[in-house]
Every structure is written in structure tokens, then in C-alpha cells.
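Following: one structure in C-alpha cells, then a few remarks.
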Amino acid sequence: MTSAVSAARAGMVHLDATRREQGLPALPFGVALHLGEILWGNIGAADRLDFTAIGPAVNLVSRLEGLCRPLDRSVLISGAVAAETRAPLIPLGLHALRGIASPCAVFTLASS
């Protein structure tokens, strides 16, 4: 988990450096990690297919990612992921997420 996040951050640092050289602003970066069941595949009609993922886990991680800016963190982790990792995490408390019945325990990486 931490190596994937580190790789994403490194890619954003490189991209933002290139953008600065072009006189463009840095792009905001935020990622949320969650575990849960999803459905994925092509959805739609033959003339308009979209490859997508749907389900409660997708909704939760989307809402969790939306907390990155308000919490001023680039990486947020759900309690479900926290329970499965040995990476050092910092708890950020329980947060109500729109459309999610119960508040979600939110964590971040010790290095973020």
C-alpha cells in the first residue's frame, strides 16, 4: 500500500515540475483507500458503453477522497484498510460521509 502511494506521489511531483516549467499551476492530489466489494465492467447500451465500478465501497471511497482537501491530507484511509495493514497510521477520527449510514473511521499515513 505505501509503495503504491509513494509512486503516485512521485509521479505527481514530476508532473507538477513539468507543469511549473510550462507556467501552469500544480494539480491538486488526493487519494483515498478503502476495502470492499464492488461490481465492475461495461455498463450501458451497445452504442454507449462505459467501463465503471459501482457499489457501496465505491461510494464510500469517493466520499472519503472528498475529505482530502478539508482535512488537508493527500492520503486518507478507511477503517477497513487500517484493520488490514501494518503501516503506521494516524487516526483522524470518525467522519460522517454523505450517503453513508454510519460515520467512517479515517486515518492517514504517518508520512503524509
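The values are calculated or read from the model by the stated rules, or taken from the named source; none is laboratory data. Note that the structure is a prediction, hence the values are computed from the model and not measured. Note that each Cβ is placed from the backbone with ideal geometry, even for glycine, and that neighbours are counted across all protein chains shown.
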(request) Filter region 4-46 down to residues that are among the β-branched types (V, I, T), out of contact with any Gly (no Cβ under 6 Å at 6 or more places or on another chain) and modelled with pLDDT of 90 or more, then give me how many there are. (result) 3
(request) For region 89-112, name all the residues that are surrounded by 12 or more Cβ atoms within 10 Å (Cβ to Cβ) and of a type in the set (S, T, Y). (result) T108, S111, S112
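Report, by residue number, each residue of region 62-105 that is among the β-branched types (V, I, T) and touching a Gly at 6+ places or on another chain (Cβ under 8 Å). Quick ask: steps written out before the conclusion?
As a first pass, look at region 62-105 and keep what is among the β-branched types (V, I, T): 75, 77, 81, 85, 90, 100.
Result: V75, single match.
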(request) Would you mind telling me which numbered condition in (1) more than 15 Å from H34 (Cα to Cα); (2) out of contact with any helix residue (DSSP H, G or I) (no Cβ under 9 Å at 6 or more places or on another chain); (3) surrounded by fewer than 17 Cβ atoms within 10 Å (Cβ to Cβ) A83 fails? (result) (1)
